[in-house]
Structure formats: structure tokens, C-alpha cells
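Reviewing the structure listed below.
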Amino acid sequence: MNQEPYKVWECQVCGFVYDEALGWPEEDIAPGTRWEDIPDDWSCPDCGAAKADFAMAETSRV
Amino acid sequence: MSEPGADLTDLTDRADHTVIVGTGIAGTTAALTLRKEGYQGRITLVGAEAETPYRRPPLSKDVLRGTMKSERIRLKPDGFWAAQAIELRTGSTVTAIDTDASTVTLADGTGLDYRKLVLATGSRPRGLPQAAGVPGVHYLRSLHSATALASALAGRGPVVVIGGGLVGLEVAASARALGCAVSVLEAADRPMSRVLPAWLADPLTALHQDRGVEIHTGVSVARIERHTHGKLSVTAADGRVWPASVVVASVGTVPETALAEAAGLPVANGANGVNSANGIVVDEYGRTPVPGVFAAGDAANVPDLLHGGRRRGEHWNEAMEQGAAVAKTIVGDPTPYPLLPWSWSDQHGVTIQVCGRPEVATEHEVHGAPESRDASVVFRLGGKVVAVVAMNRPTEFRTLRQLALAAQH
């Protein structure tokens, strides 16, 4: 079991936030899904940018 | 990029100074890219808006619907700008530019000497003459205006949106999601006529109608009136009347060029509504004819290297790409503005992405089912890809966009 705290990733194109704790149920990504477990061809649900266009948010989870 | 904690005393070239006017995405991206590229001079980022830099795209969507926490709209956390040695002057209006003396003057009288000046002054919503002097007609541009509109929508009264472009339709979708009765009044014979061909726009129009948004086309607004108890009404030239609690005017943008014009920089003042013909005139690197003075983003009128003529962008991604390019040009790596700018819209949960100019194409190739809003389309002119449009296919869009870009070289 991964004990790391959940992280928040932010799309650098549009600012969409992926919160590992919440997942993204709209696309069947379960709550608790780690960033590295999301497929590389996944796209930002808001603007469509690539997974590679996301960066770990500098702020903690809010 | 400088290490967090860097400050002005770490800069190795304090004599060099870039002043950027505008804290929107073009100006902020220019500042951030300068640092990323190792620029060692001072950077001052001046903006008239009181807020620290924030994201505009959510204004018509999450901010209106109240689904975005306010800290998420900030482009960067507090303290970030200072840590990047970027001097942020919000709530500060530039009143004059002297290109001979290389100085700008701020409203409080402060003078700033610059070596490089980037005008990223953006655009403002085009005013609707029929709305002049009528209180209660909203425009959407700033966080301030979005907050005011969100409060007005909280009354859940009927909403009339004048203008069926991307922003107008996003506002309509958000207001509908809040439970308001929504009517969109469009002057042309269909919505999104500037952005998408009819056969792609129609399925989106149908989606709006399925969700209960009324769309009226060919509407020429004659007048907007305010009655007792703050109720409004919009009357068309043909006599149709729409009562409303909230009226939103969303009929395009006008570039903020007054400062450039007063400074003697060339500004195109095109016919009303013709985006190709207005804005601060620059070359493909964002350079005005005055050495050291640049323009980027919505305010800039740029050459269209693919199709000839000139154009002005009005989208987040293009402003971002221009901000990055102008910064690279400043640090000595001349980078042209994007050939195929792209943008996205979100309406009732459908992500629409557009790259290039579909309207110039002579052929197209469809993958998927546009009628059910699940498709990607490649547009060609003389065999060359000139545009890509996708609905709810972001991964495919990205691949096709990259292929289109690669095909230009």
C-alpha cells in the first residue's frame, strides 16, 4: 500500500486540477488513482492537453 | 528557471529591464518564459486589474457555476512571482509610453525605464450600443465581472445572452446548469459561425436545445430596456421581445490599443467586427517597428504566415504561445508566433477543440460521428492540413494537431 500523501496535478495549459484522492470518476479513474497509474495517452478533461502538460501543483491539496 | 527564493539581488544584469504591460496570459507567460530562458535582467509586470494573475477560461464556466475554489483560479500561488524575481504591479495602469526615452509612466506618477517593452494589453468585450446606459447588462471579461454575473445568476431568473459565439454559449450552458431559463440571441443565421462550419456547429446547437437553451438566430437587437423592479427586456427589430432578469452581451472583443496608439506605434483600426484588421501591428516575432517594443496576445495584430493577410487571436492558448515566443525572441532566440493557433471550448460537458482555420479548407476528412459530438475532422486546402477540429476526442486532437504542425515545415 502506497503511504505517500495524495498529490495534486495541474494542467499547465488550462489549470484543470487532478487530485489523486478524488480520481476522475467521469472517465472511470477511481478515487485514489496515482498519477503514474494514469495512462500516458490520457488528456486533460477540460482543454485536452497531454498528461505530459501537467505539473505537480505547487500548492497542497485544497 | 531560477530557484525558488531567488530575488532581485541575485540578478546579474540589473541594468537590463523588461517591462511587460498586462497581467493576462500573454504577459505572464512572457515573464515566466524570460526567467525560464535564463534572462538575468529585471522584469516588471504591470497590470490594471487588482487581482494577481489568474486564469480567464474558467470565468465563463466553473466560476459562473460556482464549482471552482477561488484559489484555483490563481495562475500561481502567492509569493511565486517574487520568488521568480518578477516585480508584479497589480492595480497599476500605464498612462503613457515614451519610446524615444524608453520609459513608461504609471498612473501614480512612477516612471519606469525599460530596455524591452512588451505590450500585452489584451482586449475588452465589444460594447453593444443598444445596451449603453442600461444598468444590469453584463459583459464578461474579468474575474470582477464574472463574480458580478455569478451573483446575478444566483437569482435564477430568465437570462438572455446576446451573441452566440463560444463565450456566449459557454455562459448560456453555465446559466442553464444553474437552472436559469436561457435564450441566446444570435445575429447570424447560426451560432459559432466564425469558428465552425455549420455541419459541426449544428450538433452543438442541438445539444444546447436538448438541454433547454433556446437559440434564436437572425436576431437584430433593436433595444434593451430596464423596467420597474429591475426587470429587463430585449426587443428585436422584427418586434419579438424577450423578458429577462439578466442580460449578457457577448459580441466579440476589441483590442486594447489606446496606449500603443498614443505612443505612435502602428495600430490597425479595422472595420467593426473584422479581427484581421485591428490591433497593434507586429511582425511574426511580435516586434513593432520600434526596436525593443513588442506586442503579444489579444492586442497584437500578427501576419498570417499560412494564408497571407493579418489576423488577431482571441484565445488563451494563442496568447500563451505568443507570450512564450516573444520572450524567446527577447533573449536572442527569435521564435515566430504559432502558425496554427488552437483553442478549446466546453459546452454542456463537450470539449470542442479547434486548431487553424477550418473556413479556408476545401476538403475534409471525418473520423467518428459529428452528429453525436464524438469526432475529429482534418481540414485540407490543396492537400495541406490547415485545420483540425475535435469534439470529445482530445487525445486524437493532440496527435492530429502535431501532425498538422509538422506538415507545415
Check: Going through the range A:1-54 one residue at a time, which ones are at pLDDT 85 or above and of a type in the set (V, I, T)?
Finding: A:V8, A:V17, A:I29, A:T33, A:I38
Notebook entry, point to check: For the range B:286-298, does any single residue satisfy the condition of being more than 14 Å from chain A (Cβ to nearest Cβ), free of Cβ contacts under 8 Å to residues at least 12 places away in the same chain and either under 15 Å from B:P341 (Cα atoms) or open to solvent by 20 Å² or more (accessible area, probe 1.4 Å) (or both)?
Noted result: yes
Item checked: Selection count, the range A:12-39, where residues are within 10 Å of chain B (Cβ to nearest Cβ) and at negative phi -> 7
Note to self: Take residues that are of a type in the set (A, V, I, L, M, F, W, C) and tell me which of the strands (runs of 3 or more DSSP E) falling wholly in the range B:106-146 contain 3 or more.
What the structure shows: B:116-119
Next item on the list: Scan the range B:91-99 and give yes if some residue there is over 25 Å from the mean Cα position of the chain (by Cα), over 24 Å from B:Q322 (Cβ atoms) and not in a loop (DSSP other than H, G, I, E, B), otherwise no.
Entry: yes
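Residues are listed down the side, and each one gets a yes or a no for (1) among the charged types (D, E, K, R); (2) within 12 Å of another protein chain (Cβ to nearest Cβ); (3) part of a helix (DSSP H, G or I); (4) within 27 Å of B:A175 (Cα to Cα):
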| position | (1), (2), (3), (4) |
| --- | --- |
| B:T23 | no, no, no, no |
| B:Q40 | no, no, no, no |
| B:E49 | yes, no, no, yes |
| B:M68 | no, yes, no, yes |
| B:E71 | yes, yes, yes, yes |
| B:A82 | no, no, yes, no |
| B:E87 | yes, no, no, no |
Checklist line | Candidate set from the range B:299-310 (those that are open to solvent by 20 Å² or more (accessible area, probe 1.4 Å) and under 19 Å from B:T329 (Cβ atoms)); member that is nearest to the other protein chains (Cβ to nearest Cβ) | finding: B:L305
Next item on the list: Identify all residues within the range B:222-263 that are free of Cβ contacts under 8 Å to residues at least 40 places away in the same chain and part of a strand (DSSP E or B); write none if there are none.
Entry: B:S233, B:T235, B:V241
Item checked: Counted residues, the range B:289-340 - those being more than 18 Å from the chain's Cα centre (by Cα) and basic (K, R) -> 1
Check: With respect to B:D202, is the statement that it is of a type outside the set (G, A, S) and surrounded by 15 or more Cβ atoms within 10 Å (Cβ to Cβ) true?
Finding: yes
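Among the candidates A:D46, A:D53, single out the residue that is within 11 Å of chain B (Cβ to nearest Cβ), open to solvent by 50 Å² or more (accessible area, probe 1.4 Å), over 10 Å from the mean Cα position of the chain (by Cα) and not aromatic (F, W, Y).
Answer to the check: A:D53.
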Margin query: Could you tell me how many of the residues in the range A:1-43 are surrounded by fewer than 17 Cβ atoms within 10 Å (Cβ to Cβ) and either touching a Leu at 6+ places or on another chain (Cβ under 8 Å) or of a type in the set (A, V, I, L, M) (or both)?
Written below: 5
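The values are calculated or read from the model by the stated rules, or taken from the named source; none is laboratory data. The structure presented is a predicted model; accordingly, all values stated were derived computationally and were not measured. Methodologically, a virtual Cβ is constructed for each residue, glycine included, from the backbone with ideal geometry; neighbour enumeration extends over all protein chains shown. Side chains included, ligands, DNA and RNA excluded: accessible areas come from the protein's heavy atoms. Shrake-Rupley method; radii C 1.70, N 1.55, O 1.52, S 1.80 Å.
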